[in-house]
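Student: Just passing along the structure, written as structure tokens.
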Amino acid sequence: MSLPSKFIVFLGRTFSGHNHDYKMLKQEFPPEMDWFSDLHVRVDLGYQGMQSDYRGDQIDIPYKKPRKSQKNPQPALSAAQKAVNKALSQIRIFVEHAIGGMKRYNILVHSFRNRTEHFEDDAIGVCAGLWNLVLSY
């Protein structure tokens, strides 16, 4: 999680292999607790279902384009929905830049061969700290 200023405020633990973003969020922040009620949360389409699982009035998820079907052969979003999606993406891009900024440190890009326990968590924590340090200058 990061602020619009690209400052990283939270790192979840790392997971090996392919994992869905929303599944990892539910493991870090169980839906039974009131995590996001006082926060303005902006997520991408990988978090479909977050508004129904978590309590909070300010959870923004972009609109998803409807599926093509016989009843709807040319699905499209309305102009208002496209405008909302564009506004959300203009804010969310700063989070993507923060993630990309951490990945400038090559230790995060290549596969880990070190067998030290929790080494991945330590490495990503150091990279996030370095990224935040660079931002503070």
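Student: Quick check on this structure: which one of Ser16, Ser5 is of a type in the set (Ser, Thr, Tyr), under 28 Å from Leu133 (Cβ atoms), in a loop (DSSP other than H, G, I, E, B) and open to solvent by 80 Å² or more (accessible area, probe 1.4 Å)?
Tutor: On the way: Ser5 fails: open to solvent by 80 Å² or more (accessible area, probe 1.4 Å).
Exactly one residue qualifies, and that residue is Ser16.
Student: Here are some residues: Lys71, Lys65, Lys26. Which one is open to solvent by 80 Å² or more (accessible area, probe 1.4 Å), out of contact with any strand residue (DSSP E or B) (no Cβ under 9 Å at 6 or more places or on another chain) and not in a loop (DSSP other than H, G, I, E, B)? Show your work before the answer.
Tutor: Numbers: Lys71 fails: not in a loop (DSSP other than H, G, I, E, B); Lys65 fails: not in a loop (DSSP other than H, G, I, E, B).
Unique residue meeting the criteria: Lys26.
Student: Another question, then. Hey, can you tell me all the residues within segment 105-137 that are open to solvent by 60 Å² or more (accessible area, probe 1.4 Å), of a type in the set (D, E, K, R) and either closer than 18 Å to Asp60 by Cβ or touching a residue at least 24 places away in the same chain (Cβ under 8 Å) (or both)?
Tutor: Glu120
Student: For Asp57, only one of the following conditions fails: (1) under 18 Å from Ala87 (Cβ atoms); (2) loosely packed, with under 12 Cβ neighbours inside 10 Å; (3) modelled with pLDDT of 85 or more. What is its number?
Tutor: (3)
Student: For segment 29-54, give me the residue count where each residue is surrounded by 15 or more Cβ atoms within 10 Å (Cβ to Cβ) and polar (S, T, N, Q).
Tutor: 1
The values are calculated or read from the model by the stated rules, or taken from the named source; none is laboratory data. Predicted model only: the values in this text are computed from it and were never measured. Here the Cβ is made from the backbone with ideal geometry for all residues, glycine too, and neighbour counts use every protein chain on show. Heavy atoms of the whole protein, side chains included, go into the accessibility calculation; ligands, DNA and RNA do not. Shrake-Rupley method; radii C 1.70, N 1.55, O 1.52, S 1.80 Å.
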